[in-house]
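What follows is a single structure, written as structure tokens, with notes after it.
The values are calculated or read from the model by the stated rules, or taken from the named source; none is laboratory data. Remember, it's a predicted structure, so these values are computed and weren't measured experimentally. Glycine gets a Cβ as well: all are built from the backbone with ideal geometry, and neighbour counts include every protein chain shown. Side chains are part of the model used for accessible areas, which takes the heavy atoms of the whole protein and leaves out ligands, DNA and RNA. Shrake-Rupley method; radii C 1.70, N 1.55, O 1.52, S 1.80 Å.
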Amino acid sequence: EEDIRTIANVAQETLEYSSVVGIPRGGLRLAEELKMRPVPSATAPILLIDDVYTTGQSMEEWKKKLLEDGAKDVIGFVIFARGELPVWIRAFWRLG
């Protein structure tokens, strides 16, 4: 839990978002921690959270769904990423 709180601190200090959505199951713990905190900006994008980024398929599918459901913009944050990330996703830690 302390690690999740630390990662949430980094996300909150470095990203502007209006609300948080966690991808089941990996992104839910971090998303719940961020939901308990004040929202940095009511007009910012939705923050989409996952634990590990490998192919990006889950992140892309969830982003598409959020946009179809009326979100104006979506940014992503993952705890760990393997390889290159699209410009809309940031990682706490990245390999490669």
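When the helices of the chain are scored as -39500 (n - 2.57) per DSSP H run of n ≥ 4 and the total is divided over every residue, the value at 222 nm lands at -10500 deg cm²/dmol. Using a probe radius of 1.4 angstrom, the carbon and sulfur fraction of the accessible surface of the chain is 51%. Looking at the chain, the GluC sites (Glu not before Pro) that sit in a DSSP loop and have at most 15 other Cβ atoms within 10 Å of their own Cβ are E1, E16, E84. I need the shape label for region 17-62. Rule: rounded when a/c is under 1.5, else prolate if a/b > b/c, else oblate, with a, b, c from the alpha carbon gyration tensor. In terms of gyration-tensor shape, oblate. Counting every pair of alpha carbons in the chain, the share spaced more than 20 Å apart comes to 28 percent. Annotation: for a label point projected 7 angstrom from Cα along Cα→Cβ of V10, residues of region 63-81 with backbone N closer than 17 Å are 76-81.
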